[in-house]
1. Would you check if there is a residue in the range A:107-124 being aliphatic (A, V, I, L, M), touching a helix residue (DSSP H, G or I) at 6+ places or on another chain (Cβ under 7 Å) and within 26 Å of A:Gln55 (Cβ to Cβ)?
2. Considering only the range B:125-141, state which residues are more than 7 Å from chain A (Cβ to nearest Cβ) and either among the aromatic types (Phe, Trp, Tyr) or under 12 Å from A:Ala122 (Cα atoms) (or both).
3. Look at B:Leu271 and say whether it is among the aliphatic types (A, V, I, L, M), buried (at least 16 other Cβ atoms within 10 Å of the Cβ) and farther than 15 Å from B:Ser204 by Cβ.
4. Scan the range A:131-142 for residues that are of a type in the set (Ser, Thr, Tyr) and either crowded, with 23+ Cβ neighbours inside 10 Å or closer than 18 Å to A:Asp82 by Cα (or both) and jot them down.
5. When the range B:93-132 is examined, which residues are found to be among the polar types (S, T, N, Q) and surrounded by fewer than 22 Cβ atoms within 10 Å (Cβ to Cβ)?
6. Consider the range B:276-312. How many of its residues are part of a helix (DSSP H, G or I) and farther than 17 Å from B:Leu227 by Cα?
7. Determine, yes or no, whether A:Arg98 is free of Cβ contacts under 8 Å to residues at least 60 places away in the same chain and in contact with a Pro (Cβ under 8 Å, 6 or more places away or on another chain).
8. Which condition breaks for B:His43 when tested against (1) within 30 Å of A:Tyr150 (Cβ to Cβ); (2) assigned to a helix (DSSP H, G or I); (3) within 18 Å of the chain's Cα centre (by Cα)?
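The values are calculated or read from the model by the stated rules, or taken from the named source; none is laboratory data. Since the model is a prediction, treat every value here as computed from it, not as a measurement. Don't worry about glycine lacking a Cβ; one is built from the backbone with ideal geometry, like all the others, and counts go over all protein chains shown.
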Amino acid sequence: MSGNPRRGFLGTAAAALAGVALAPGIRLIELAGARAPGEPVTAKVRWGMLIDTNQCATGCTDCVTACNRENGLQDTGRPRTDAQWIRKIELKDLNGGRQHSAPVMCQHCAHPPCVDVCPTGASFKRADGIVLVDRHTCIGCRYCVMACPYKARSFVHENLTDQKPDVPRGKGCVEGCTLCVQKIDRGDGITACAEACTKAGHGAITFGDLNDPQSAIAKRLRELPNRALRADLRLDPGVRYAGV
Amino acid sequence: MATLVHRELSAGAWRFYGPLLVLGGLVAAGFAAFLYMEINGHHVTGMDNQMVWGLPHVFAVFLIVAASGALNVASVASVFGKLEYKPLAPLSGMVSLCVLAGGLAILAADLGRPDRLIVAMTHFNFKSIFALNMFLYSGFFAIVGVYLWFMMERRMSRYSSMAGLAAFIWRIVLTTGTGSIFGFLVAREAYDSALLGPTFVIYSFSYGTALFLIVALAALRWDARALDGAQTARLGRLLAILTAASLYMTAVFHLTKLYVTRYHGIESFLLAEGGIYPLLFWVGQVGLGGVLPLAILYAPRSRGTRAGVLAAAVLVVLGGLAQMYVTIIGAQAWPQPIFPGWQESSRFFDGEIHAYAPSVPELFLALGGVALAAALVAVGVKVLPLLPESCTDSSSPPPTSPPARPR
């Protein structure tokens, strides 16, 4: 059977059209290192950040502002009980007086103490290295806050209003930097803090896949001497610091 | 030798319900504090994101630690065969159960999401000391409950020494677990020591014995039951040796920390320069809670007297609360070094010594837990035959006769 030539042409054309239509999407997913919808998170990717304190400007808090905006964190005028996912720490070397400024957030450890101590397993590490809190099983015991060496966890001390739909939060639960997981999962390929830092022209925060040798972060990690905070604890954090 | 008989509290209606009403009022105040904190959120307390555990935890951990030690008198009778401690053994078991319940009630009421207690009982991360402790606490209720039943039920009394041994082992593990809640926190310089587990075990011996003695002396007085001088003196000696052991562990713990240079900052904060914390340590924990009780228990004039033993027990309890305050609050007040070797400052209070002032709701929540424990003991001695008709050496079985099986 020779078949209908017109049908064959239509089939080929449809396949070509589908290819043309889907290819950019597939390419974009690839570019962003993101998952296709429905695809599970895998350990092939490990998200992380490199903070270059030589580029970080003293007094600049754009990363903090961007984080608060992206995740719906509000200033209640009570700083001691307000949640803080990222903060700027001003540093002065006790020997010599060298000064630096550095954003500090959840370090997304490979061996997170918060996950170890959480009684219900609400603190957990995703396969791609992001450390999160399951807001459905957090009982608000604050043991993870006690255990975190980076002061990266906050307890929600009061009722919340105007929450972001894709950033679930709640009074009585503990929370911290999610590496803007909602942005990663929709394929933005960057966190709000890194985006803001780049926009401000500092470029002190590089976000990316630590497992991909071709990624910008992997290249910068190779170029710049860098270290983990509290490296003595051997938690293998996903956030690294250069300059301090 | 008179037969050892245990009998329910026979105090008249007002002598029983009067104190119970006061305790009930305190429990209600604690419940109101719990509702106030839960409805408004923890920002109405003195706790914040720097001091996440506060006064409720000081009382809760104290009670949980003391609960295990309150079993001492029963253990000494059952496990070590010192039958002269037998008259007070059932009360000892009851006090340990009630005090644990009071401590756990405070902890549960302070949770950010107490409504999710069922989650805590159905989702377990077995690497978490907290999760393991949940099994240790519920197991303690079961084992001590059975032990108490065996002690009180004549047909089962021959098994009571076995149950007593199981309870003894369980509570050592339990208090090791409670101490390890802190010991495994490597991020906090005041902790990060494997010694905290055994230190808490020794603390539990003295705090629990002291708390038990206060309850026992009060209960015997409440119902005008006899307590002879030999019994009082013996209980006093027990408290003295355990208080001395606590002082020893305190010294060992801090000396081991002082040996490590990187801990000199936190140790000098807690022991010398930290304001309220050195005061609570030296005056509260060491002075009032250790040295003074020992002086009272060994001074010729007060040795073996009921007033002396009671005063020493009250002081040991106060010293224990001071110790928990220093251990829990003092440790959080000290800043965590994120960039060691650098001076740190931030809007999130990095590099600063954190202040803490307990709020009224926290105090009532804590006192509510204590009152709950006391009320449970009161109801226990009213409805169960826990108190000996008289607590004298003549009412105890002969202490050294080999055929007598320890109960």
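1. Within the range A:107-124, none of the residues are aliphatic (A, V, I, L, M), touching a helix residue (DSSP H, G or I) at 6+ places or on another chain (Cβ under 7 Å) and within 26 Å of A:Gln55 (Cβ to Cβ).
2. Those that are more than 7 Å from chain A (Cβ to nearest Cβ) and either among the aromatic types (Phe, Trp, Tyr) or under 12 Å from A:Ala122 (Cα atoms) (or both): B:Phe126, B:Phe135, B:Tyr137, B:Phe140, B:Phe141.
3. In short, yes.
4. Answer for the range A:131-142, where residues must be of a type in the set (Ser, Thr, Tyr) and either crowded, with 23+ Cβ neighbours inside 10 Å or closer than 18 Å to A:Asp82 by Cα (or both): there is none.
5. Within the range B:93-132, B:Thr122, B:Asn125 qualify.
6. Final tally of qualifying residues: 24.
7. In short, no.
8. All conditions pass for B:His43, except number (3).
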